[in-house]
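Asks: Pasting a structure here, questions to come.
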Amino acid sequence: MRAINFSANFYIIFGGKLFSHEKGRSKISHLTGGGVDCLKLAGTFGTPLYVFDTGIIKSRCGELRETFLNRWDNTRVRYAGKAFLIRAMAKLIADEGIGLDVVSEGELYTALSAGFPPERIEMNGNAKSLREIDYAVRSGVGRIIVDHPDEIGIIESCAKEAGRVQKIMIRVAPGVDAHTHKYIATGSTDSKFGVPADSREGSMLTEAIRFARTCEHVSMRGLHFHVGSQLFDTDDYTKSIEKIIELMKSLKDSLNFTTHELNMGGGFGAVINPAIPAMKSEFYTEPMMKALHEGCAKYGIEIPRVILEPGRWFVSEAGITLYTVENVRELPGITYIAVNGGMSDNPRYALYQAEYNAVKADDIDGEIWHPESGGKVSIVGKCCESGDILIDDAEIQRVKAGDIIALYNTGAYTFSMSSNYNCLMRPAVVFVENGEARVVAERQTLEDIIRGQVI
Ligand code: LLP
């Protein structure tokens, strides 16, 4: 691991609420994160580079502790590792006292290799393999979130073999169509995730609960739902909660089943523009908890333990990606800024038309560029596809080949969704805090590209 110390010349927290900087020492202002000059980061570690201000991630953990965990009894938070999981991130989350949601043996292995306490881990996944279930059970994970009823029998036999009783919850689809991109909406009844929230006699759900209760090595603790991702209003949550409470009530009446635990999933939104204040966790948790308490009171059922599993909200605004401009192509009506990364390190525009903001890292206050040729400025990647776009219509300072640009708020679902498309090497990840930077995931090398291949 390499560590370097930089003194901060200017103060700007990328992706944070604070957006101030000191002018005057020189005519231009550099982007810094965690007290480290991004230009120096690019120079030292190369580009493309994922940079995370861990102070921001820790403050998110603190915010949820204060406004949710300490405010409401019997509550838990599990960070959804799919947003960004490497060993150093797992360690950070473990140290903050938060739990972890994993969805594969790879994520579980990453977490365990960082010493993550297994009892604070839950395993999700709509198509878990027998091997994954067995690994999770043997590792002693706190909960397995059953997505398909077939898993229950497998968990029973794995737990019997391991001499354990495995706690489980069943994921239900509440039948709410979330207001978000269709690829990240997961709560409708025709979703590929979970079991329809149907308590009628003979339904998938009632049969699954009945069967789970016959299993000696399975302890059925409650229900789980995740309505969607990148949500900016709370209606989807409160509507889902109302439906789930009705479901809890009818499961109580028909099966005498008590929902001891209710996992309400993730989905808290992350803003794309660093000048816009981040979403506060209370914006979500207050109406959610109010809906739960009111609903439980209305139906006379006991308030379950509440578990939340946001991913993006913890990390999106804590991350930036630094790129080097390879060339600029000014065409009539459109100017392309081509950088040395692209959809291989951030496929989110290609997949969801996700929006980002960018700056020239050593001139963050400079005037926005309006090319003489007219039209928009597009920041594009180096992959061999016209859809390899990072920002379709960017507002950025004038740049030339060799300049460093930063895309803000790229901490979530970028590293974790990166690929080796076009045999590009995955960028390194650097954590910055208090003026110190350290590499926490090495840049891939050419050897990594051909690792394991034979002729
Ligand atoms: N819990 C479950 C069961 C989930 O399926 C997800 C996300 C989360 C929690 C965390 O959601 P978050 O708080 O991060 O929104 N690749 C997409 C996002 C896919 C999310 C899938 N499930 C993107 O880049 O926007």
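Asks: Identify, from the list Ile276, Ile272, the residue that is open to solvent by 10 Å² or more (accessible area, probe 1.4 Å), in the same structural domain as Met248 (by TED's automatic domain parsing) and either modelled with pLDDT of 95 or more or within 16 Å of the ligand (Cβ to nearest atom) (or both).
Replies: Numbers: Ile276 fails: either modelled with pLDDT of 95 or more or within 16 Å of the ligand (Cβ to nearest atom) (or both).
Of the residues listed, the single one that is open to solvent by 10 Å² or more (accessible area, probe 1.4 Å), in the same structural domain as Met248 (by TED's automatic domain parsing) and either modelled with pLDDT of 95 or more or within 16 Å of the ligand (Cβ to nearest atom) (or both) is Ile272.
Asks: Moving to a separate point now. Criterion first (open to solvent by less than 10 Å² (accessible area, probe 1.4 Å), within 19 Å of Phe68 (Cβ to Cβ) and in a loop (DSSP other than H, G, I, E, B)) does Gly265 satisfy it? Lay out the reasoning, then the answer.
Replies: Values: open to solvent by less than 10 Å² (accessible area, probe 1.4 Å): yes; within 19 Å of Phe68 (Cβ to Cβ): yes; in a loop (DSSP other than H, G, I, E, B): yes.
Yes; evaluated as a whole, the condition is true for this residue.
Asks: Still on this structure, please answer the following. Given the structure, is Leu292 more than 13 Å from the ligand (Cβ to nearest atom), touching a helix residue (DSSP H, G or I) at 6+ places or on another chain (Cβ under 8 Å), open to solvent by less than 60 Å² (accessible area, probe 1.4 Å) and farther than 25 Å from Arg120 by Cα? Give the derivation first.
Replies: Working: more than 13 Å from the ligand (Cβ to nearest atom): yes; touching a helix residue (DSSP H, G or I) at 6+ places or on another chain (Cβ under 8 Å): yes; open to solvent by less than 60 Å² (accessible area, probe 1.4 Å): yes; farther than 25 Å from Arg120 by Cα: no.
No, not satisfied.
Asks: Further question: Do you know which residues across the range 201-235 are small (Gly, Ala, Ser) and more than 11 Å from the ligand (Cβ to nearest atom)? Show your work before the answer.
Replies: If we filter the range 201-235 for residues that are small (Gly, Ala, Ser), which is where we start, we get 202-203, 208, 212, 219, 222, 228-229.
Those that are small (Gly, Ala, Ser) and more than 11 Å from the ligand (Cβ to nearest atom): Gly202, Ser203, Ala208, Ala212, Ser219, Gly222.
Asks: Further question: From the residues in the range 235-260 that are buried (at least 18 other Cβ atoms within 10 Å of the Cβ) and not in a helix (DSSP H, G or I), which one is nearest to the chain's Cα centre (by Cα)?
Replies: Thr259
Asks: If I ask for residues that are in contact with a helix residue (DSSP H, G or I) (Cβ under 6 Å, 6 or more places away or on another chain) and among the hydroxyl-bearing types (Ser, Thr, Tyr), which ones from the range 184-219 would you list?
Replies: Passing the criteria: only Ser199.
Asks: While we're on this one: I need a count of the residues in the range 45-75 that are among the acidic types (Asp, Glu), surrounded by fewer than 24 Cβ atoms within 10 Å (Cβ to Cβ) and either more than 16 Å from the ligand (Cβ to nearest atom) or part of a strand (DSSP E or B) (or both). Walk me through how you get there before you give the answer.
Replies: Let us first name the residues in the range 45-75 that are among the acidic types (Asp, Glu), namely 53, 63, 66, 73.
Now narrow it down to the ones that are surrounded by fewer than 24 Cβ atoms within 10 Å (Cβ to Cβ): 63, 66, 73.
Adding the requirement that they be either more than 16 Å from the ligand (Cβ to nearest atom) or part of a strand (DSSP E or B) (or both) leaves 66, 73.
Of the residues in that region, 2 qualify.
Asks: Sort out for me the strands (runs of 3 or more DSSP E) sitting completely within the range 345-455 that have 1 or more residues that are surrounded by fewer than 17 Cβ atoms within 10 Å (Cβ to Cβ). Talk me through it step by step, then tell me what you get.
Replies: Numbers: elements: 358-360, 376-380, 389-391, 404-407, 428-433, 436-441.
Fully inside the range 345-455 and qualifying: 376-380, 436-441.
Asks: Related question: Quick check: is even one residue across the range 313-328 open to solvent by less than 10 Å² (accessible area, probe 1.4 Å), farther than 27 Å from Ser416 by Cβ and assigned by TED's automatic domain parsing to the domain that holds Asn420?
Replies: no
Asks: Sticking with this structure for a sec: Confirm whether Gly342 is within 16 Å of the ligand (Cβ to nearest atom) and farther than 26 Å from Asp101 by Cβ. Show your work before the answer.
Replies: Details: within 16 Å of the ligand (Cβ to nearest atom): yes; farther than 26 Å from Asp101 by Cβ: yes.
Spelling it out, Gly342 is indeed within 16 Å of the ligand (Cβ to nearest atom) and farther than 26 Å from Asp101 by Cβ.
Asks: Another question, if that's okay. Between Lys182, Lys192, which is in the same structural domain as Ser250 (by TED's automatic domain parsing), within 16 Å of the ligand (Cβ to nearest atom), free of Cβ contacts under 8 Å to residues at least 12 places away in the same chain and farther than 23 Å from Lys249 by Cα?
Replies: Lys182
Asks: Among the candidates Pro149, Pro117, which residue alone is free of Cβ contacts under 8 Å to residues at least 24 places away in the same chain and in contact with a helix residue (DSSP H, G or I) (Cβ under 7 Å, 6 or more places away or on another chain)? Can you show your working first?
Replies: Numbers: Pro149 fails: free of Cβ contacts under 8 Å to residues at least 24 places away in the same chain.
On inspection, the qualifying residue turns out to be Pro117.
Asks: Scan the range 292-332 for residues that are assigned to a strand (DSSP E or B) and closer than 25 Å to Met343 by Cβ and report the count.
Replies: Pass one, the range 292-332, residues assigned to a strand (DSSP E or B): 305-308, 319-331.
Subset that is closer than 25 Å to Met343 by Cβ: 319-331.
The total comes to 13.
Asks: Got at least one residue in the range 208-224 being under 22 Å from Val102 (Cα atoms), open to solvent by 10 Å² or more (accessible area, probe 1.4 Å), of a type in the set (Ser, Thr, Tyr) and within 20 Å of the chain's Cα centre (by Cα)?
Replies: No: zero hits.
Asks: Got at least one residue in the range 386-403 being within 16 Å of the ligand (Cβ to nearest atom), in contact (Cβ under 8 Å) with a residue 40 or more places away in the chain, within 24 Å of the chain's Cα centre (by Cα) and within 17 Å of Val51 (Cβ to Cβ)?
Replies: yes
The values are calculated or read from the model by the stated rules, or taken from the named source; none is laboratory data. Everything quoted here is computed from the prediction, not taken from an experiment. All Cβ positions, glycine included, derive from the backbone under ideal geometry; neighbour counts span all protein chains shown. Accessible surface is based on the protein model in full, side chains and every heavy atom, while ligands, DNA and RNA are left aside. Shrake-Rupley method; radii C 1.70, N 1.55, O 1.52, S 1.80 Å.
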